[in-house]
Structure formats: C-alpha cells, structure tokens
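Participant: Dumping the structure here so I can ask a few things about it.
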C-alpha cells in the first residue's frame, strides 16, 4: 500500500520539479526564476524525505532538515541582490 | 675525536660568531678560532692511526633504502685535505681578524667562513657520494655568501653570482655523473665504488658518467673553458680569496679527481681530455696573469694556471703524476695562501693593488718584501723552495707524456707554461717591491701589525723546509699517493729530492727561469701589444649568454603562460588528454566487469535535469545572475544525488557549501556588470568549445571505465571499515577518517584554510587602504533600488531561526562521530546562521555585535586541534592518537567521549572563523559611500514608532 503511495508521491513531486525547472528556464522575469529555484528547493526536500521512506532509513532526514533550514538563505540573498544590489547593507 | 664531530663542529660553530660579535670583535675571533682549532686538534688525534695505515670510519644510516647514509672515512688523502682546510683555515681566521675593518660585520663573515669550512671538510671525509654531493652544493652556496660578502660592491655581487652559476651548473652535472656511477656499481658508498674499476670502465655508461663528473670538477677547479669565474671572484675580501683559492674551494674539484682516480683514470678519454684541458688552462692562465696589473687578479690567473698544472698531472694517469700532483697541492696551498695574504697586506698599507702605482715598497715594507719574495720565488720554481721540487716533477712527467701522438708536444707546452709562470712571479715581486721608492703612493705604506704578517710568515716554514729537505715530506706524500692510486698500480720508484742529476727537466726549468726573466724585461712592449690586441672578455660573453638564456626562458614561459586563463586551461586540458590517451592506448585495462545499475525514473529525471541545467548554463553564461541561479539547481541536484547514492555526509556538506558559495558569488557580482562582454571571435569560441568537449568526453570516459571495472588495487575501504570503531571509537567512517586516520591531513588543511582566509583579509585591507578605495566607495548603482534595506519580515525570521540553526549545528557536531555530520558541516551551518544576521540587519549593525575577532576564532581552532594532538604525547602515544571512553552522568544515558571531539572542535572553529572572515572581507569591500548605517536592527519597526508617539 505504502509502496503505491510512494510511487504516486514521487511521480507527482518529480513532475513538479520538472515543471519548476521549465519555469526557471523560461523566465521571463528574474523574479520568476528565483521563485522557481525556491520551489525546486522545496521539492528537493520532498524527494529526499520520500527516498528515505522508500528505503526505510532515517539517514536522509538531516539533509532534508538542513535544506529546509538553510535553503531559503540563497533565495533571500538572490532577492536582496536583485532588489538592493548589495546583500549586506 | 669522532669524525662526525669533526665535520659537525664548524657547522655548529657557525652559530657562535654571530652571537659573540655582540661581545666584541675579539670575542668573536676567539670563538671562531676555538671552533676551528678544536676541529683541527680532533683531526690531529687521528694522525698516528693514519700514518699507521688505518682508515677511520664513522657510519650512520640516514635513508638506507635510498643508499643515502652519513658515512665518513678518513684515509690519508682525506686527511691531507682536511688538515689543509682546517690548518690554513686557522691562519686565515687570524689574518681576517686583523684584516677586516670596523665597518665589516665580522660575526657574519666568520659564520659564513665556518659554514664553508664545514662543507669542505664534509666533502673530503664523505664516504657516501650522495652526502658528498650535498656538501659539494653547500660549498657552492657558502662560497657565494663569502665572495659576495661586500654587498655594497657591484663587482662583488656579480662575481658571487657568476661563481654560483658556474659551480652550481657544474654541481648539477656532477649529480648526474655520480648517480650514473652509483647505478653502475649498485652502491653509493665511495669505498665500494673505488673497488670496482673494471666494472665501471667496461660499462657503456662510463663515458657519460666521466664527462659529467669532469664537468663538475672543471667548473669547481676553474679549468678552461670554465676558468673565467675565478678572477671575478677576486672582488671578495682578501682572506676569502686566500682561503678559497689556495687550499679549499677550487681544490675540491682536484680532490674529487684524485678521489675518483682509481676508477676513472687510465682510459684514453681521461688522459686526452684531462691532460689537454689541464695544459691549456696552465698556459692560458699563466699568459694572462702576466699582464694583469691588479695584484689579486694576477694571483687569480696564476691560481687558474697552477690548478691546470695539477689537473694535467692527475690526467697523465701515471702514479708518478699522481705523486707530483699530491705534492704540488701541498706546496701550492702554502705559497699561494701566503701570496694572497701579502697582496692583502699591500692593499691594506698602500690602499691600492694596482702594480702601476706600486714599486719600491721594499724600502718601506721590508718584512712584507721578504715574505713576498720567498713565496713568489717558490711560485716561480726557484731551487731551495718547495715550488721548485714539484714543478720539476711536473716537467719530468711532461717529458714522458705523449699526447696526440707527439712525444714533444707536452714537454714544449709545459716549458712554455713554466716560463710564463716564472715571468709573472718575477713581475709580482719586482713591480711591487723593487725599483726606486715612489712618493705618490695613495697612502703611507708601512709594515703591518703582527696579526697580519703572522699567518704568511708561518706558511714560509713549509715553503723553505720542503724546498731544502723535500725528503721530510716523502713518507707522507707517498702515503697520500697510495690512497689516491688505491692499489690500482705500483707506486713509483722516484723520490722527492732537490737534485735529480742532469735530466731534461732541469734544462726545462732553466729555460723557464731564464725565459721568464727575458719575458719580464720585455714587459713594456708586450704590455702595449696586449692592451691593443682584441681579446674576448669572459664577463661580457657570460653576461650575453645568461641574458640570452634568460630571454629564451622568458619567451618560452610567456608563450605558455601569458596571463590568459583560457590559454592555461587549453594547454592543460590538451596535455592531460594526450598523456591519458597515450596511457590508455599503451597500457592494459581490465575492461567492464560490473553490471549497470537499474535506471529508476527518478534517477533519469534528475540526470536529465542536470544535463539540461548545464546546457542552459553554457547558453546563458553571459548573464551572470542567471548563471548563479542555474548553479543553484545544479548544486541542489548534486545534493539530492549524493543522498540517492547513500552519501549523506557529502550531501550535508554540499548543501551548506552551496549556500555559502551563492552568497560569496553574489558579493563578487557587486563589483561586476550584470552581463559579461564578448571578448573572443567566433572562431576562438569554436576552438574552445571543441577543446572543452574533448576534455569533458575524456573525463566522462575515464569515470565510466573506473565505475564499470573493479579496483586495480585492493581498496583501503575494508581496513577503514574494520578499524573505524576499534581504533577511532566512531561508527561514522567518514568522520573517523577525517579526525583520526587522516587527522594529520585535516590538521594541515585547517591551517591552510585559516591562512587563505587571512590572506583574503590582508588583500582586502590593502585594497581599502590603497587608491582603489575611493573608486570602490563611489561606484554607481546600476539599477534603482526597491524596498527596505532591513525589512521587518526578514529580521524577525532570522532572529527566530538563529537559535534553532545554532542548536542544529551543535547537534550535527555532536553526532558527527557516529552518524553523518561533524565539525566541518557544523561550522558551515553556524557560519550561515551568523551571515543571516548580517544580511537582515546590515553589516554595520552586525559588526558592532561581533565580540570575538574572526582571526582569533581561526587561531583558537588550530590551537585546539593542535593541543588535542599534542595531548596524546602525554599518554606516550604519537601525535593525534585517539582515545575514547564511555561515561555516565546520572540523569542522562551513558555517552561516549572521544579525544577526536577536541580535534573536531578545532575543525569547527577554524571553519566558522575562516568562512566568516572571508565573507566579512567581501562585505567590507562592498560598502559604498552615502549609505547610512542605521542604528536600529529594523528600518520600519512598529514598536519603535508607537513608543515614539507615546513619548
């Protein structure tokens, strides 16, 4: 049962990841690209958690946690750069 | 005294003069003299054994697998040279004490002198040719320091450089020759090599070895065509010239030829080459010496000539020649050292060494005149002085030597050489001391103090004693000759004697002396001819040659290395691919032994995205911000892939490094335009693309092959897996490798990391204090700025996140030893937590609240790691040995403590400090003029507004 659910989940998240990437490449504005990158970071967290579930290990939990905790820093830095030109004023 | 101590004494003693000079010149002199005297006495304690035919040895294994051992031995040949080096060294030290003026740094001088002395003693006592080479190079280096001692004189510096270039080049050739010799025999021990004459001479490598070794000897002993460096080395202080050019440095080449005599000599090549080089040098040196007006230049060329003479004697390959060579080495050392010192005395008294300004000095410097006459006549080969005996032996040997099929050639050339030699000796005496007293001396000449004349006077004892009664030296000379010959041939019947009867040599001697007098009488017309004749100037040729070589090297390296990164990358890629292809096509590869893993849809998807992102990155590469965003994707996919391939440690590191990289590059983008300009033509871009594809395909192919085949060697993983817990007390093998198995590497790496961060800091400071500062501060904003500088949302969020992230950092640090994590990742995580504060509330605000300087954190980290490593010494274990144990503090569960944790803490602190120092440097660079530093953390703070209204 869980296996089927995992298949569906991985398929969905994977599709989301591909679509986010398409958005990232198409743009058109730099804001779209940064948001797409942020979405991809979120999807990556999901993929890692799903991989951990399908393999039945907690080993990957920390990676997911670190991405969740620090992934937003890159997004914020990129945004600051676009908006203010300097990330530490 | 042990031979080790004799060799080590001058080296250790070289430290003393520099210290003792603070206690005064006399103390400095006494210290130096004592060191040399101790070594000399130590050597003399071996005299009875040496005379008794015993060979003292001292052996110490250094790198036995390479054949490099500190083996010393003392045979009569080594003894004679060591006694000359140390004995004349003592006299030189006394002389130098009175010669050096108060402006000269005596401590420095004596330090160099002792270094040189140690290196020379090392050469003559070495029983290992590799050690001999080490000492050989040391003499080149220390003589460079001595020759260039008067650093304020350009001639001194140039002379020193020339000497170093020529002798250093010879040393290089010598290394090649010695290694070949060692390969032929299979041992680098001199005593073993000397017993293998047949083996060496039969080897096809004999000729290259001989030529290379002779190049080394000829350069060192200033033989034609390498003779030119020696006269230029005369700009050194006179004690140096007296020491280097009478008894030591230039004799090193002769010593080695004598040492290698049993195995190298006797072949046609040896006889032809060494004899002719020696003869040419002898005649040429003597001829030029006659016309030199500077006393020291005359002596320099005379030294060249006498070295040629000894070289010729060794080259004949007969035992009589060897005996004459040994005897002349002794004689030359005694009279030439004295002559140099006399030249120095004249220079000291009259303040010139130019013979055109000298003459008649016998009236005002009678004592110096006597010394100069005795030594000069000995050099000329006048009977009852020691120079006569050995010179006549040389002439005798010349009569019996056939070169190029002509029995007369050598005899004639040798007589001409002797004639010139007599002529310049007579000129030295007559043009300096004879004639009428002049009244235009640059200074008031007078005989020197005892300190200056003592040394040359002492040297007159052997000059006269051996001249009158040469038989006194015969037993010793025979003993040394026996050591030179090494049992290859019978010792000669002849004896050292004043009178040999009416032999050809006597008539040749007479011709030489009479001819020399006539030649001197013709000095004025000859000198005018010499001055007007065109002649090659060695220094100009040398300078031109060096300049041409330097230009050539420069052109070569500029072609490969012109500052364009594209070019380096292209050359590097193509070279590596070419070498790799060659290895692939000539070597053997195991072939694919593994099956492909199943390609899951998710793996295929990630792979496809990675490829797509990379392609787009290349496509968009002129848009710098787009490149950064695409790099973000690639980093993300790589992190996920690390997880997919079960490498959580790498994934953790990759994620945190990715964040820091993006921040760093964004900081760098501050100083760059958003789009990079097109700088190359389409053709160049195509070329670069082709090279890039070739390189990429090669790497991909290599990785594919490695992944599909088994390991060519047994993998070390098994060992690490088996010993990780047992030895390091951790289940996380990756971490145990970092902090334990390869702890030393990690220790070095954190130091390098710290240094790199400090260098970046230093560069930043230099930029900010330089003219660039104004430019940096007044950059224009490219685009209009939007929003707040320090938005409320972000400040609140980062403040809330800060403790959480720090806690996660601590967690990752603590679990690192047994599960994925560790100091490095924890350090990055904590650094990001701090950087968030900088980003949210601004640099000025955050900097004020930063209490500990980042340099200090780096230092603390390195110190912490180092102290942990040192701690294991107290347990009697080597550096960085781990220990671990289990503890229990009542309310908690049992937990493990390992010393590796202290080390990991060091790694953690270094990483935090280095990353922060690096980013902070960029933050500082990014500051612009006109930005107001807010004193508040948040620009628009509702609570502040309300309190303001209330108040």
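Participant: Mind computing the radius of gyration and Dmax over the alpha-carbon atoms of the stretch B:271-377? Å is fine for both.
Facilitator: 15.8, 49
Participant: Okay, moving on. On a C-alpha basis, how far is the centre of the stretch B:366-427 from the centre of the stretch B:216-251 in Å? Whole number, if you could?
Facilitator: 20
Participant: Rg(Cα) of the stretch B:285-324 divided by 2.2 N^0.38 Å?
Facilitator: 1.40
Participant: Taking the mean number of other Cβ atoms within 10 Å as a proxy for protection, how do you rank B:215-221, B:462-468, B:912-918, B:490-496 from highest to lowest?
Facilitator: The densest-packed peptide leads the list: B:215-221, B:912-918, B:462-468, B:490-496.
Participant: Can you give the angle from 0 to 90° between the axis of helix B:295-315 and the longest principal axis of chain B, with both taken from C-alpha atoms, to the nearest 10?
Facilitator: 90
Participant: Take the Cα atoms of the stretch B:387-514, build their convex hull, and give its volume per residue in Å³.
Facilitator: In the stretch B:387-514, the Cα hull volume divided by residue count equals 177 Å³.
Participant: Sort chain B into rounded, prolate or oblate with this rule: let a ≥ b ≥ c be the square roots of the eigenvalues of the Cα gyration tensor; rounded if a/c is under 1.5, and if a/c is not under 1.5, prolate when a/b is larger than b/c, oblate otherwise.
Facilitator: prolate
Participant: Which of B:864, B:615, B:311 has the fewest other C-beta atoms within 10 Å, and how do the rest follow up to the most?
Facilitator: So the residues, fewest neighbours to most, are B:615, B:864, B:311.
Participant: Does the stretch B:730-946 classify as rounded, prolate or oblate by the C-alpha gyration tensor (a ≥ b ≥ c root eigenvalues; a/c under 1.5 gives rounded; else a/b over b/c gives prolate, otherwise oblate)?
Facilitator: oblate
Participant: Normalised by the number of residues in chain B, what is the relative contact order in percent for Cα pairs under 8 Å and 6+ residues apart?
Facilitator: Taking the mean separation of contacting Cα pairs over the length of chain B, I get 8 percent.
Participant: Dividing the convex hull volume of the alpha carbon atoms of the stretch B:597-657 by its residue count, what do you get in Å³ per residue?
Facilitator: 72
Participant: While we're looking at this one, here's another question. Wrap a convex hull around the Cα atoms of the stretch B:458-537, take a quarter of its surface area, and give that in square nanometres.
Facilitator: Value for the stretch B:458-537: 10.0 nm².
Participant: Sorting check: for B:2-13, B:258-269, which peptide has the highest mean count of neighbouring beta carbons within 10 Å, and how do the rest follow?
Facilitator: My ranking of the peptides, most packed first, is B:258-269, B:2-13.
Participant: If you count, for every residue in B:657-666, the Cβ atoms of partner chains within 10 Å of its Cβ, what is the mean?
Facilitator: What the average comes to for B:657-666 is 5.
Participant: Here's another thing I want to ask about it. Using every alpha carbon pair in the protein assembly as shown, what percent of pairs falls into each 10 Å bin from 0 up to the bin containing the largest distance?
Facilitator: 2, 9, 14, 15, 12, 10, 11, 11, 8, 5, 2, 0, 0, 0
Participant: How many angstrom lie between the Cα centre of the stretch B:263-279 and the Cα centre of the stretch B:755-819?
Facilitator: First find each Cα centre; the distance between them is then 74 Å.
Participant: Based only on the alpha carbon positions, what is the Kirkwood hydrodynamic radius of the stretch B:265-521, in angstrom?
Facilitator: With all distinct Cα pairs of the stretch B:265-521 included, I get 18.5 Å.
Participant: Need one value for A:56-64: mean number of C-beta atoms belonging to other chains within 10 Å of its residues' C-beta atoms.
Facilitator: Taking the mean over all residues of the peptide, I get 6.
Participant: Under the Kirkwood approximation applied to all pairs of distinct alpha-carbon atoms, what is the hydrodynamic radius of the stretch B:28-82 in Å?
Facilitator: 13.0
Participant: Going by alpha carbons, how many degrees (0 to 90, nearest 10) lie between the helix axis of B:823-841 and the longest principal axis of chain B?
Facilitator: 60
Participant: Follow-up. Mind checking the angle between helix B:106-125 and chain B's longest principal axis? C-alpha axes, 0 to 90 degrees, to the nearest 10.
Facilitator: Its long axis makes an angle of about 80 degrees.
Participant: Can I ask one more? With the calculation restricted to Cα positions, what are the radius of gyration and Dmax of the stretch A:2-84 in angstrom?
Facilitator: 14.5, 47
Participant: I've got another one for you. Could you grab the relative contact order for the stretch B:116-265? Cα pairs under 8 Å, six or more apart, rounded to a whole percent.
Facilitator: That works out to 28 percent.
Participant: How much FRET efficiency would the formula 1/(1 + (r/R0)^6) give for residue B:715 and residue B:47, where r is the Cβ-Cβ distance and R0 is 56 Å, rounded to 0.05?
Facilitator: For residue B:715 and residue B:47, the calculated efficiency is 0.35.
Participant: At q = 0.24, 0.25, 0.27, 0.28 Å⁻¹, what is the base-10 log of I(q)/I(0) for the stretch B:642-710 according to the Debye formula with one equal point scatterer per Cα and no solvent? Please give it to two decimals.
Facilitator: -0.96, -0.97, -1.01, -1.04
Participant: On to the next question. Could you compute the FRET efficiency for residue B:675 and residue B:745, with r as their C-beta to C-beta distance and R0 at 41 Å, rounded to 0.05?
Facilitator: About 0.50, to the nearest 0.05.
Participant: How would the stretch B:742-807 be classified by its alpha-carbon gyration tensor: rounded, prolate or oblate, with rounded meaning a/c under 1.5 and the a/b versus b/c comparison settling the rest?
Facilitator: Here the stretch B:742-807 falls in the oblate category.
Participant: Suppose R0 equals 30 Å; then what is the FRET efficiency for residue B:687 and residue B:604 from their Cβ-Cβ distance, rounded to the nearest 0.05?
Facilitator: 0.35
Participant: For labels at residue B:702 and residue B:63 in the simple 7 Å Cα→Cβ model, what's the distance in nm?
Facilitator: Reported label-point gap for residue B:702 and residue B:63 is 2.8 nm.
Participant: Under the rule of -39500 (n - 2.57) per DSSP H run of 4 or more residues, summed and divided by the residues of chain B, what mean residue ellipticity at 222 nm is obtained, to the nearest 500 deg cm²/dmol?
Facilitator: It comes out at -23500 deg cm²/dmol, rounded to the nearest 500.
Participant: Provide the gained length on full extension for the span residue B:191 to residue B:796, in nm with one decimal, where the gain is 0.36 nm per separating residue minus the Cα-Cα distance.
Facilitator: 209.6 nm
Participant: Each label point is 7 Å from the Cα along the Cα-to-Cβ direction; what then is the distance between the points at residue B:488 and residue B:517, in nm?
Facilitator: For the pair residue B:488/residue B:517, the computed spacing is 4.2 nm.
Participant: Sticking with this one: Give the relative contact order (percent, whole number) for the stretch B:730-946; include only Cα pairs under 8 Å separated by 6+ residues.
Facilitator: 33
Participant: Per residue of A:35-48, what is the mean number of Cβ atoms on other protein chains within 10 angstrom of that residue's Cβ?
Facilitator: 3
Participant: Along the Cα→Cβ direction, 7 angstrom out, place labels at residue B:941 and residue B:529. What is the inter-label distance in nm?
Facilitator: Reported label-point gap for residue B:941 and residue B:529 is 10.2 nm.
Participant: Write down the radius of gyration of the stretch B:561-687 and its Dmax, each obtained from C-alpha positions, in Å.
Facilitator: 19.0, 51
We did not get these values from a lab; they are worked out from the coordinates using the rules stated. These numbers were taken from a predicted model, which means no experiment stands behind them. We place every Cβ from the backbone using ideal geometry, glycine too, and count neighbours over all the protein chains shown.
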